[in-house]
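Asks: I'd like to ask you about the structure that follows.
Values in this text are rule-based calculations from the coordinates and carry no lab data. From a predicted model like this one, the values you see are computed outputs, not experimental measurements. Here the Cβ is made from the backbone with ideal geometry for all residues, glycine too, and neighbour counts use every protein chain on show.
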Amino acid sequence: MADDTFRTIVVGSDGSAGAAKAVAWAATLGAQTGCTVVLVHAFEPLAELEHEPGVDFATIRDRRLDEMAEQWAAPLMDAGVAHRTVLIEDRPIEALVDTAREQHADLVVIGSHGRSGWRERVFGSVATGLPGRLDCAVAIVPTDPHA
């Protein structure tokens, strides 16, 4: 059933349990409305390389794209939702804002808790920082913070 309310939904994913809930929620909405879902993962190469010395950017990027396509997008595939995956080398909020604007998103979906590191504790989480930066609706899917 097509619904003109939502044509494009952008959903953030970092591989966390919170992101998985957000993707599942977006998949349900996408199946109900017939919209396209753009699955976004922000990728900060220097942060990744701290944990994996000797691995080049291309290798890490390719691995993340494979994870996104095979695992993180599974609920979208299972629901038969038209989707694409995007990997952006930037901070999560910037990646989501830029993608939402470029795609003329009607809705951005994120989990209430993702992978939090020192940066999120210092500068604030995506869930608190994102809504004021967008011209479209934002859905924050509740997540058990201890999951």
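Asks: So, counting K/R as plus one and D/E as minus one, what does the shell of residues with Cβ under 13 Å around Val11 add up to? Write down the numbers at each step before the final one.
Replies: Values: positive: Lys21, Arg84; negative: Asp14, Asp106.
Net charge around Val11: 0.
Asks: Can I ask one more? How long is the gain from Cys136 to Ala58 if the chain were fully straight, where each residue apart is worth 0.36 nm and the alpha carbon distance is subtracted?
Replies: 24.8 nm
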